[in-house]
Amino acid sequence: MSDQAKLLGGLRVLVPRGGIWGDLVSQALRDRGAQTVIAPLVDFSHTSEEDKLVEALKALEAGEFDWMTATSATVADVLKHHNAVFHERTKVAIVGEATAVAFREAGYPVTLTPDEDNNTTFQLLKEWSEIDSGEVLRVLTLRSDVATPVLTTGLIERGHDVTQVLAFRTIGVPASVHIREDIDSGRINAILVASAKIAEEVRKQFPQLPADTLVVSVGENTLAAAEELELSGAGGRQGEIDAIIEAVESAIDHSDMLD
């Protein structure tokens, strides 16, 4: 067994999202020796801007946008649900490995994605040469209701014509009785907290966490939310916390953890 595979040997980690995201994160954790339990604490629901979304997708099919952007794998599910069609003139810029996998599996085009070693929204803005060419581009940005609109803001600040649509809402999902029992008994040793919404669900659903259960927050926004909710990792185990964070970040960009 490699040194990397020994880092989390024997640790049982709750992964709080399913789908492609959960699969990628679970594999990265298992590669480091952890056992994983995928138990979604959040899911995605219809947007409050359904009419606006439908109109935007009609315009997308008609070729009215130069570019479309997505920073969440869930956008691919939304597009499939609406039977969205991309006009051949429209280019697609996405962020996040899970987003890229979801788009390709759905058969949607991917024109631009940042360097895999720095697959971030900020890196996309740096590498996206067309947005600094002086031409005003018409861009459709699709995101979650709780995502930080870094990409949308960056495009607007550069003077582009941006149609931003909340493509889906993020909602809490109750954990099963079995999962709650495993957490209460300490059979789950660590809980991955990958967004502010997940932090809220962990605090609400598991108010009496065992003292030695690791709560591992990934990303600055998530960490701030967890601290505000008084969620913290078990002291003296920073090595395990760092190994979990590194594993998650190796598979998923922060932008994928904002929903």
Which residue pairs have Cβ atoms under 7 Å apart, sit 6 or more places apart or on different chains, and have a first residue in the range 100-122 that is farther than 14 Å from residue 73 by Cβ and a second that is open to solvent by less than 50 Å² (accessible area, probe 1.4 Å) and of a type in the set (Asp, Glu)? 120/253
Name the strands (runs of 3 or more DSSP E) wholly inside the range 147-256 in which the number of residues that are open to solvent by less than 40 Å² (accessible area, probe 1.4 Å) and out of contact with any Leu (no Cβ under 7 Å at 6 or more places or on another chain) is 3 or more. 161-172
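Condition check ((1) under 16 Å from residue 248 (Cβ atoms); (2) under 14 Å from the mean Cα position of the chain (by Cα); (3) buried (at least 21 other Cβ atoms within 10 Å of the Cβ)) across all residues:
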| residue | (1), (2), (3) |
| --- | --- |
| 9 | no, no, no |
| 20 | yes, yes, yes |
| 25 | yes, yes, yes |
| 36 | yes, no, yes |
| 45 | no, no, no |
| 51 | no, no, no |
| 57 | no, no, yes |
| 82 | no, no, no |
| 88 | no, no, no |
Flagged pairs (Cβ under 8 angstrom, 6 or more apart or on separate chains; first in the range 127-146, free of Cβ contacts under 8 Å to residues at least 24 places away in the same chain; second part of a strand (DSSP E or B) and surrounded by fewer than 21 Cβ atoms within 10 Å (Cβ to Cβ)) are 127/112
Filtering the range 36-56 down to residues that are closer than 20 Å to residue 20 by Cβ and modelled with pLDDT of 95 or more yields 36, 37, 38, 39, 40, 41
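The values are calculated or read from the model by the stated rules, or taken from the named source; none is laboratory data. None of the values given here were measured: they were computed from a predicted structure. Positions of Cβ are generated from backbone atoms using ideal geometry, with glycine treated the same way; all protein chains shown enter the neighbour counts. Each accessible area value is taken on the protein alone, full model and side chains, heavy atoms only, with ligands, DNA and RNA left out. Shrake-Rupley method; radii C 1.70, N 1.55, O 1.52, S 1.80 Å.
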